[in-house]
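The values are calculated or read from the model by the stated rules, or taken from the named source; none is laboratory data. Predicted, not measured: the structure shown is a model, and the values here were computed from it. Quick reminder, even Gly has a Cβ in these numbers, built from the backbone with ideal geometry, and neighbours come from all protein chains shown. Each accessible area value is taken on the protein alone, full model and side chains, heavy atoms only, with ligands, DNA and RNA left out. Shrake-Rupley method; radii C 1.70, N 1.55, O 1.52, S 1.80 Å.
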Amino acid sequence: MSLKVYLAGKLVDKDDAKISVYDHGLLYGDGVFEGMRIYGGRVFRLQEHLDRLWDSAKAICLTIPMTPEEMTAAVNETVAANKIQEGYIRLLVTRGAGSLGLDPNRTSNPQVVVIADRIQLYPQELYENGLHIITASTIRNHPAALSPRVKSLNYLNNILAKLEGLQAGCVEALMLNHKGEVAECTGDNIFLVRDGIVFTPPTDAGILEGITRQTVIELAEQSGRRVVQEAMTRHDVYIADECFLTGSAAEVIPVVKVDSRTIGDGKPGPVTKDLLDRFHRLTRQA
Ligand code: PMP
């Protein structure tokens, strides 16, 4: 059975899911999106993702042409139509088709697209042994240029850093902000553990406020751990006892080497493993 994609208010076959080449989402990356997980046939933290989508849209003066309730129905309908139990959703809203100029006022019909598909996970081996990452020389977008809090269709900043990682043989890369502080990875947030305390960069370090990041902060606090959101440098990463990344696609994944420095003893640490376990219990429960 061909996958069904939600487009222009209805479900269409994947091969028929097409939008105009004049859409500013394509011409300029002018639009916003979300990536969400489906566990046991249900969308994880859907409300939080929709809140972030609406915030991103507001920041770029884009009016989403439906209510959050209608969007919830569209997402759930797409998941159900494709009978996906464990999977991934890509939800996007484009500026719509317009003229070839930048002017968003000369566009019409923002397009809402919902794709529900199987998920391509990192190999299990990486969850057991941890990732090696490098620091990219490409810094995260300056918040005064395009706030990293906006999850926009323009991901070139992250793609350039991802390319650096791939060229160095790494599936993820660390990005610093314009002040040289640690921000996040190309598609994941970063956490450190030192002396039992969990650290992660604050929002004003220039990060996307990850839904998985928030979930992990809650899980860590529920388990009685202190979580500190403060600016950190690469030095803090190098001397951490543990390091891990979080994201809707990656979930919680350990990092054991950064820029050739071994983190801790080079194996995923106990706090990371515990949080990974708690995350699995939360998402795999009925
Ligand atoms: N940072 C960036 C740049 C991302 O693209 C993502 C993935 N959407 C994340 C962090 C993690 O966010 P979330 O946990 O909401 O998927």
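Of everything in the stretch 7-32, what is open to solvent by 20 Å² or more (accessible area, probe 1.4 Å) and farther than 13 Å from Thr107 by Cα? Give them in sequence order. Give the steps one after another, and end with the answer.
Taking the stretch 7-32 and keeping what is open to solvent by 20 Å² or more (accessible area, probe 1.4 Å), we get 8-22, 26-28, 30.
Scanning the stretch 7-32 gives Ala8, Gly9, Lys10, Leu11, Val12, Asp13, Lys14, Asp15, Asp16, Ala17, Lys18, Ile19.
Scanning the stretch 129-142 for residues that are surrounded by fewer than 18 Cβ atoms within 10 Å (Cβ to Cβ), touching a residue at least 60 places away in the same chain (Cβ under 8 Å) and more than 15 Å from Leu245 (Cβ to Cβ) gives a single hit, His142.
Only a single criterion out of (1) surrounded by fewer than 20 Cβ atoms within 10 Å (Cβ to Cβ); (2) without any contact (Cβ under 8 Å) to a residue 60 or more places away in the chain; (3) farther than 30 Å from Phe279 by Cα is not satisfied by Leu62, namely (1).
Among the strands (runs of 3 or more DSSP E) confined wholly to the stretch 160-231, which include 1 or more residues that are in contact with a strand residue (DSSP E or B) (Cβ under 8 Å, 6 or more places away or on another chain), within 13 Å of the ligand (Cβ to nearest atom) and under 11 Å from Ala136 (Cα atoms)? Full working, then the answer.
Values: elements: 173-176, 182-185, 189-194, 197-200, 227-229.
Filter on the stretch 160-231 gives 173-176, 182-185.
Of all residues in the stretch 102-112, none are within 29 Å of Leu245 (Cβ to Cβ), open to solvent by less than 70 Å² (accessible area, probe 1.4 Å) and more than 16 Å from the ligand (Cβ to nearest atom). Residues in the stretch 271-284 that are touching a residue at least 24 places away in the same chain (Cβ under 8 Å) and open to solvent by 100 Å² or more (accessible area, probe 1.4 Å): Arg284 alone.
Restricting attention to the stretch 121-148, and to residues there that are under 16 Å from Glu184 (Cβ atoms), of a type in the set (A, V, I, L, M, F, W, C) and outside any loop (DSSP other than H, G, I, E, B), which single residue is farthest from the ligand (Cβ to nearest atom)? It comes out as Ile134. The residues in the stretch 232-246 that are open to solvent by 70 Å² or more (accessible area, probe 1.4 Å) and either within 16 Å of the ligand (Cβ to nearest atom) or on the phi > 0 side of the Ramachandran plot (or both) can be counted, and the count is 0.
Among the residues here, Ala249 does not qualify as within 11 Å of the ligand (Cβ to nearest atom), under 22 Å from Leu53 (Cα atoms), part of a strand (DSSP E or B) and not assigned by TED's automatic domain parsing to the domain that holds Glu48.
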